[in-house]
Amino acid sequence: MVSLRGITKSFGAVRSLRGVDLTLAPGEVLGLVGDNGAGKSTLMKVLAGAVQHDSGQISIDGRDVRFTSPADARRERVGIVYQDLALCDTLDVASNLFLGREPRRGPFIDRATMHARAAETLSELHVRVKSTYQEIGELSGGQRQAVAIARAVSFRPRVLILDEPTAALAVAEVRQVLKMIRDVAAQGVGVILITHRLQDLFEVCDRITVMYEGRSVEDAPISDLDIERLVAMITRSGATNGGPGTGANTDTDTDTDTEEVA
Ligand SMILES: Nc1ncnc2c1ncn2[C@@H]1O[C@H](COP(=O)(O)OP(=O)(O)O)[C@@H](O)[C@H]1O
Ligand SMILES: [Mg+2]
């Protein structure tokens, strides 16, 4: 459904993306992993239309697309929940869900309809809040994350990108978010999950793409991996290519690090 090929992006002298390939099928949960600074968030901003890449191809259902704004990506039904959520703390749950597209009656926001629809959306996703009138700032981290995901899902995406959705959550809250991911994927949505919680990947992912210093370096079904192999892939410690000390060169790139920009 989605294919990224040879994506590059520089910010001034910083070459954040140096050639990334990634694919995603409908209903698939893809784990996108890599150390801090590997380029995961930048790549996802490219796919969500928030950052424009320098070269490379994005295609959706076989059509080449080029996004110049988040609205372009939303039209292609690519949804994203950013690391820092972008919810409005002083507004209630329903207002956050419908921010910018509130149901109206004449010139006024139709609050009754908005809250009824919010309750419906949340219950479809098994998200529990005391009331849709609660301010976002009063919710737990897990509830806020769930509302942010519900907002993205309410746009009916076919691709849903989640950037570190469980980083700041308690154990029970992590469980809920993982369940939401499975539910959304079961409806045919392709989900891309960025996380440092490697154990979560084994619970929800079908496949893993590993990034290293701005490149995609590995792509494997999760069933072929265990935590040790995954860590070795992320750190490129060589364990995937015969282990350290064998002299195996795991660097498949032809260019050298001498061109690295400080
Ligand atoms: N807007 C930006 N301006 C300059 N550099 C950026 C910008 N966004 C990201 N970068 C740089 O790109 C690299 C990749 O960052 P990022 O995509 O956030 O990595 P990750 O999400 O894998 O931790 C980092 O070196 C980061 O500092
Ligand atoms: Mg990031």
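The values are calculated or read from the model by the stated rules, or taken from the named source; none is laboratory data. Bear in mind that the values here come from a model prediction, so they are computed numbers and not experimental data. Note that we place each Cβ from the backbone using ideal geometry, even for glycine, and neighbour counts take in every protein chain shown.
Observations on the structure shown:
- Of the residues making up region 194-218, those that are closer than 25 Å to Met180 by Cβ and either of a type in the set (Lys, Arg) or surrounded by fewer than 19 Cβ atoms within 10 Å (Cβ to Cβ) (or both) are His196, Arg197, Leu198, Gln199, Phe202, Glu203, Asp206, Arg207.
- Evaluating Val210 against the criteria (1) over 24 Å from Asp61 (Cα atoms); (2) in contact (Cβ under 8 Å) with a residue 60 or more places away in the chain; (3) β-branched (Val, Ile, Thr) leaves one unmet condition, (1).
- Unmet criterion (only one of (1) more than 16 Å from ligand 1 (Cβ to nearest atom); (2) of a type in the set (A, V, I, L, M); (3) under 16 Å from Arg151 (Cα atoms)) for Ala186: (3)
- Ser237 being at pLDDT below 90 and either touching a helix residue (DSSP H, G or I) at 6+ places or on another chain (Cβ under 8 Å) or within 16 Å of ligand 2 (Cβ to nearest atom) (or both): yes
- Thr113 meets all of the listed conditions (1) β-branched (Val, Ile, Thr); (2) out of contact with any helix residue (DSSP H, G or I) (no Cβ under 9 Å at 6 or more places or on another chain); (3) within 13 Å of ligand 1 (Cβ to nearest atom) but one, namely (3).
- Within region 42-80, the residues that satisfy the criterion of being basic (Lys, Arg), within 17 Å of Arg156 (Cβ to Cβ) and modelled with pLDDT under 95 are Arg74, Arg75.
- Helices (runs of 4 or more DSSP H) fully within region 1-109 that include at least 3 residues being of a type outside the set (Asp, Glu) and within 16 Å of ligand 2 (Cβ to nearest atom): 40-47.
- Where Lys130 falls short, out of the listed (1) assigned to a loop (DSSP other than H, G, I, E, B); (2) under 25 Å from Lys45 (Cβ atoms): (2)
- The number of residues in region 130-166 being within 16 Å of ligand 1 (Cβ to nearest atom) and either surrounded by 22 or more Cβ atoms within 10 Å (Cβ to Cβ) or over 13 Å from the mean Cα position of the chain (by Cα) (or both) comes to 4.
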